[in-house]
Amino acid sequence: MQLLSRRSLLGIAAVVDIAHHARPAPVAAKALAARHALPPRHLETLLQALVRHGILKGVRGPRGGYELARERRRITAGDSVRAAMTAAGPDDEPQPHSRLVDHVVGPAVNKAAQAFLRELDQGTGDDLCRDSEAKHVFGGAPAGV
């Protein structure tokens, strides 16, 4: 079960990949795309969103690419997802395919999804209806039960 968009999944994978490969030189978008079986053009808006959010920094020049903008221990998966959610892109994005996604990022996201669903399981439709009535979401008096 996948609760995150492909773009969000790729955002996490891109940051981990760059954290791993950016020494001694920045990671080229083309190399990153190849490792995840994606077309290079597919990554540019995502990588730029990660730059805008201060997660990555772009390095210009013939040996340019991307590297982390801060220490990897100061970047959360949530940071990457929030940045990825701001990146514009097509709705029919290809799924990234790599050992990193299959064996590390995917299982971590699935574990988080299960925790998210367990949290949602704590509330019922009745709880939400009561809350909406208490906050007068629909205005006026509540409808009969």
Anyone know which of Ala112, Ala84, Ala134 comes out most mobile in the 10 Å Cα GNM of the chain? Ala134
Can you give me the C-alpha center-to-center distance between the range 13-44 and the range 51-79, rounded to a whole angstrom? 11 Å
Comparing Glu44, Glu67, Glu133 in a Gaussian network model of the chain (Cα, 10 Å), the one with the largest mean-square fluctuation is Glu133
Spherically averaged projected area of the range 29-86 from its Cα convex hull (nm²): 4.2 nm²
Which of Val51, Pro26, Ala115 sits closest to the plus end of the dipole of the chain, meaning its Cα is farthest towards the positive end, when Lys and Arg get +1 and Asp and Glu get -1 on the C-beta? Pro26
Taking the range 32-81, which trypsin sites (Lys or Arg not before Pro) meet the DSSP loop condition and have no more than 13 other C-beta atoms within 10 Å? Arg60, Arg63, Arg70
Answer check: the range 1-139, Cα atoms, Kirkwood Rh, Rg/Rh ratio of 1.10
Could you work out what % of the accessible surface of the range 40-111 is carbon and sulfur, using a 1.4 angstrom probe and leaving DNA, RNA and ligands out of the count? 52 percent
Nearest-20 debye value, the chain charge dipole, Cβ charges on Lys, Arg, Asp, Glu: 1020 debye
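The values are calculated or read from the model by the stated rules, or taken from the named source; none is laboratory data. Since the structure is predicted, the reported quantities are computational estimates derived from the model, not experimental observations. As a convention, Cβ positions derive from the backbone with ideal geometry for all residues, glycine included, and neighbour counts pool all protein chains shown. What goes into the accessible areas is simple: the full protein's heavy atoms, side chains included, and nothing from ligands, DNA or RNA. Shrake-Rupley method; radii C 1.70, N 1.55, O 1.52, S 1.80 Å.
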